[in-house]
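One structure is given below, encoded as structure tokens.
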Amino acid sequence: AQSVSQHNHHVILSEAASLELGCNYSYGGTVNLFWYVQYPGQHLQLLLKYFSGDPLVKGIKGFEAEFIKSKFSFNLRKPSVQWSDTAEYFCAVLIKAAGNKLTFGGGTRVLVKP
Amino acid sequence: DAGVTQSPTHLIKTRGQQVTLRCSPKSGHDTVSWYQQALGQGPQFIFQYYEEEERQRGNFPDRFSGHQFPNYSSELNVNALLLGDSALYLCASSLGPSLSQETQYFGPGTRLLVL
């Protein structure tokens, strides 16, 4: 069965530091890729998505992610974090051949210290 | 523009009981998906409803069932509750069942505690 791995469960960093969260998936075919964020006390919100085309996608709030097909990865980055980026981040994969269901990673909890 | 709404926000049940959770999709959306998010884990897909039919199902037992109404709202029913059913249940809506074109929007969830 396909799976999505987020290797960092918790990340703590200071404001203005750079952030990179890893996401790997196990499937060799066509995928759509997503990053969702859940701020404390709020809904899951879409940060960015990759369907096709340029593998470097830009999302909201200064986030970007790069799809590297050869590495089965879709890592999330932000050059300079703010305290307001404290949240839990989820990577998700849609495998078209498996139907219309998202498979989520376990999430990474990010704490940005002011 | 109303987003995805879910009710109730919190629920406490005992083992063996049955529970019904409700979801109203975002305005203009016709497809509803349900997810279970256990503590410390990512959401797991339960099933998806489109045109009042279950279109896709994840690895959940038959104790989990659902329904979609003509106004696109949806219910998730869980029978014979187990302690392990304690989780946050998320509803997500989209326009059409094909998530390869559309984005899902999530509701705030219903937190279920089974004692």
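The values are calculated or read from the model by the stated rules, or taken from the named source; none is laboratory data. Everything numeric in this text was worked out from a predicted model, so none of it was measured. Don't worry about glycine lacking a Cβ; one is built from the backbone with ideal geometry, like all the others, and counts go over all protein chains shown. Note: areas computed on protein heavy atoms with side chains; ligands, DNA, RNA excluded. Shrake-Rupley method; radii C 1.70, N 1.55, O 1.52, S 1.80 Å.
Taking into account only those residues within the range B:78-115 that are among the aromatic types (Phe, Trp, Tyr) and facing chain A (nearest Cβ under 9 Å), which is surrounded by the most Cβ atoms within 10 Å (Cβ to Cβ)? Break it down stepwise before answering.
The initial filter retains those residues of the range B:78-115 that are among the aromatic types (Phe, Trp, Tyr), namely B:89, B:105-106.
Subsequent filtering for residues that are facing chain A (nearest Cβ under 9 Å) retains B:105-106.
On the way: B:Tyr105: 19, B:Phe106: 23.
Selected residue: B:Phe106.
For the range A:3-35, how many residues are open to solvent by less than 60 Å² (accessible area, probe 1.4 Å), over 17 Å from the mean Cα position of the chain (by Cα) and within 14 Å of another protein chain (Cβ to nearest Cβ)?
Number of matching residues: 1.
So, restricting to strands (runs of 3 or more DSSP E) that lie completely within the range A:23-88, which ones have at least 2 residues that are more than 22 Å from B:Gln104 (Cβ to Cβ) and in contact with a Leu (Cβ under 8 Å, 6 or more places away or on another chain)? Outline the logic, then answer.
On the way: elements: A:31-38, A:44-50, A:56-58, A:64-68, A:73-78.
The strands (runs of 3 or more DSSP E) meeting that bar are A:73-78.
Of everything in the range A:37-65, what is open to solvent by less than 60 Å² (accessible area, probe 1.4 Å) and more than 23 Å from A:Ser14 (Cβ to Cβ)? Give them in sequence order.
Let us first name the residues in the range A:37-65 that are open to solvent by less than 60 Å² (accessible area, probe 1.4 Å), namely A:37-39, A:44-48, A:50-51, A:53, A:55, A:57, A:59, A:62-65.
Hits for the range A:37-65 are A:Leu44, A:Gln45, A:Leu46, A:Leu48, A:Tyr50, A:Phe51, A:Gly53, A:Pro55, A:Val57.
If I ask for residues that are in contact with an Asp or Glu (Cβ under 7 Å, 6 or more places away or on another chain) and open to solvent by less than 20 Å² (accessible area, probe 1.4 Å), which ones from the range B:22-47 would you list?
We begin by selecting, within the range B:22-47, every residue in contact with an Asp or Glu (Cβ under 7 Å, 6 or more places away or on another chain); these are B:22, B:27, B:47.
The one that is in contact with an Asp or Glu (Cβ under 7 Å, 6 or more places away or on another chain) and open to solvent by less than 20 Å² (accessible area, probe 1.4 Å): B:Phe47.
Does A:Ile68 qualify as being aliphatic (A, V, I, L, M) and open to solvent by 60 Å² or more (accessible area, probe 1.4 Å)? Write out each step before concluding.
On the way: aliphatic (A, V, I, L, M): yes; open to solvent by 60 Å² or more (accessible area, probe 1.4 Å): no.
Answer is no for this residue.
Check off (1) at pLDDT below 95; (2) part of a loop (DSSP other than H, G, I, E, B); (3) over 19 Å from A:Leu44 (Cβ atoms) for B:His29 and give me the number that stays unchecked.
(3)
Please indicate, with yes or no, whether at least one residue in the range B:23-36 is within 13 Å of another protein chain (Cβ to nearest Cβ) and among the small types (Gly, Ala, Ser).
yes
Return the only residue of A:Leu94, A:Leu76 being at pLDDT below 95, out of contact with any Pro (no Cβ under 7 Å at 6 or more places or on another chain) and surrounded by 13 or more Cβ atoms within 10 Å (Cβ to Cβ).
On the way: A:Leu76 fails: at pLDDT below 95.
One residue alone meets the criteria, A:Leu94.
Would you be able to tell me the number of residues in the range A:42-56 that are within 20 Å of A:Val81 (Cα to Cα) and either touching a residue at least 60 places away in the same chain (Cβ under 8 Å) or more than 11 Å from the chain's Cα centre (by Cα) (or both)?
Looking only at that region, the number is 4.
Can you work out which of the residues in the range A:102-114 that are out of contact with any Ser or Thr (no Cβ under 7 Å at 6 or more places or on another chain) and open to solvent by 50 Å² or more (accessible area, probe 1.4 Å) is nearest to B:Gln104 (Cα to Cα)?
Step by step, filter the range A:102-114, then rank; the result is A:Arg109.
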